[in-house]
Amino acid sequence: MSLALQGGGSFGAFTWGVLDRLLEDETIAFDAISGASAGAVNAVLLASGLADGGPNAARATLERFWKRASEAAPRGHAGFALEAAARHLSPYQFNPFNLHPLKTILEEEVDFDALQQRPGPKLLIATTRVRDGSLRIFREKAVTLDVILASTCLPVLHHAVSINGEAYWDGGYSANPPLLPLVSASRASDALVVQIMPSAGVEMPTTASEIRKRIEQITFANSLVRDIDALSAMKQIAGPHDQGSRLARKLQKLRLHHISAEAEYPALSEASALNLDWDFLRTLHDAGRRAADRWLNRELGQTAH
């Protein structure tokens, strides 16, 4: 099967839980993985762990990363100061040396040179080109540390990431996650979308912080909605007997599955995607495991692995 992993900051711990449960099932193999932002991080951790030692190594790599990310996160007054600075200053002002704690963690957890050479799932990592806002997808042998940092680059917190002279921001702005390219690249008939950004707000936002949060949720959720709608429309247009293009044949066989963090953990719409407190991450992880377990029990008999 293939995986489409949505981004959304610390909400990516839900996806960690989903993957943790899927990796326990020996009947499941991953043909291709697409991701943006936190989804890109989970994608590369999954692929690296599988290449290093199989499912158990992948589970250990994911847990180790999220634990270390939590330990590296600013706490208390430092965390509040960072959020306040991001509201009023550019990262080129409050972070002139471009310090990025996740960079060191990713460098130590993922051997990108080895990952490019080893067999494993296809990777499709989304980034957004700053100069024109277009989607740029990096594939297996082009996936480097800088590509993952670009895919996770929120411009209010981090400097743009330069790759071959082009500046890139968070991939979630243009494809969160890449779905149509995943279907085109994958040989699998089953594609599982893991959605972590809330699509619906609880109530009308009225304070400045509530409005900013809702804008962020809409921005990072809408591209997935558009992709799913486009995929459904293309499948209908192709029809059951269209044997024309390679993509049309894939669309005929495609079974699209969906796991939603919001459905499993409704309080997510009120939470902060910058919250890296370990108890919060474990709560999301456990919710992801439960959601994946239910999906497996419901869909496993219908899914061609």
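The values are calculated or read from the model by the stated rules, or taken from the named source; none is laboratory data. Just so it is clear, the structure is predicted and the values come from calculations on it, not from any experiment. Ideal geometry is used to build each Cβ from the backbone, glycine not excepted, and the neighbour counts take in all protein chains shown.
Looking across the stretch 71-102, just one residue is touching a Leu at 6+ places or on another chain (Cβ under 6 Å) and either of a type in the set (K, R) or at pLDDT below 65 (or both), and that is A86.
Any residue that is among the hydrophobic types (A, V, I, L, M, F, W, C), over 19 Å from the mean Cα position of the chain (by Cα) and assigned to a loop (DSSP other than H, G, I, E, B) - is there at least one of those in the stretch 167-174? No, every residue in the stretch 167-174 fails to be among the hydrophobic types (A, V, I, L, M, F, W, C), over 19 Å from the mean Cα position of the chain (by Cα) and assigned to a loop (DSSP other than H, G, I, E, B). Annotation note: Cβ proximity below 7 Å between a residue of the stretch 264-279 that is within 9 Å of K213 (Cβ to Cβ) and a residue that is of a type outside the set (A, V, I, L, M, F, W, C) and assigned to a helix (DSSP H, G or I) (sequence gap 6+ or interchain) occurs for S269/E262; A273/G9; A273/S10.
For the stretch 192-231, filtered to residues that are among the β-branched types (V, I, T) and part of a helix (DSSP H, G or I), the residue that is surrounded by the most Cβ atoms within 10 Å (Cβ to Cβ) is I228.
The conditions of being touching a helix residue (DSSP H, G or I) at 6+ places or on another chain (Cβ under 6 Å) and without any contact (Cβ under 8 Å) to a residue 40 or more places away in the chain are met by V161. Only residues that are assigned to a loop (DSSP other than H, G, I, E, B), in contact with a helix residue (DSSP H, G or I) (Cβ under 8 Å, 6 or more places away or on another chain) and over 20 Å from S269 (Cβ atoms) were counted across the stretch 1-25, and they come to 3.
Please determine whether any residue of the stretch 252-263 is in a helix (DSSP H, G or I), under 20 Å from Q6 (Cβ atoms), free of Cβ contacts under 8 Å to residues at least 60 places away in the same chain and not small (G, A, S).
Step one: list which residues in the stretch 252-263 are in a helix (DSSP H, G or I), which gives 252-253, 261-263.
Now drop any that are not under 20 Å from Q6 (Cβ atoms), which leaves 261-263.
Filter once more, so that each one left must be free of Cβ contacts under 8 Å to residues at least 60 places away in the same chain: 263.
Those left that are additionally not small (G, A, S): none.
For the stretch 252-263, residues in a helix (DSSP H, G or I), under 20 Å from Q6 (Cβ atoms), free of Cβ contacts under 8 Å to residues at least 60 places away in the same chain and not small (G, A, S): absent.
Residues in the stretch 157-166 that are modelled with pLDDT of 95 or more and within 19 Å of the chain's Cα centre (by Cα): how many? Residues that pass the stated criteria total 2. Only a single item in (1) more than 15 Å from the chain's Cα centre (by Cα); (2) closer than 28 Å to A60 by Cα is not met by I125, and it is number (1).
When we screen I148, I137 for residues that are of a type outside the set (D, E), in a helix (DSSP H, G or I) and under 15 Å from the mean Cα position of the chain (by Cα), the only hit is I148.
Here R187 meets each of (1) in contact with an Asp or Glu (Cβ under 6 Å, 6 or more places away or on another chain); (2) surrounded by 12 or more Cβ atoms within 10 Å (Cβ to Cβ); (3) of a type in the set (K, R) with one exception, condition (2). For P119, the conditions (1) without any contact (Cβ under 8 Å) to a residue 40 or more places away in the chain; (2) outside any strand (DSSP E or B); (3) surrounded by fewer than 15 Cβ atoms within 10 Å (Cβ to Cβ) are fulfilled apart from (1). Each residue in the stretch 180-228 was checked for being of a type in the set (V, I, T), modelled with pLDDT under 80 and within 16 Å of A38 (Cα to Cα), and 1 of them qualify.
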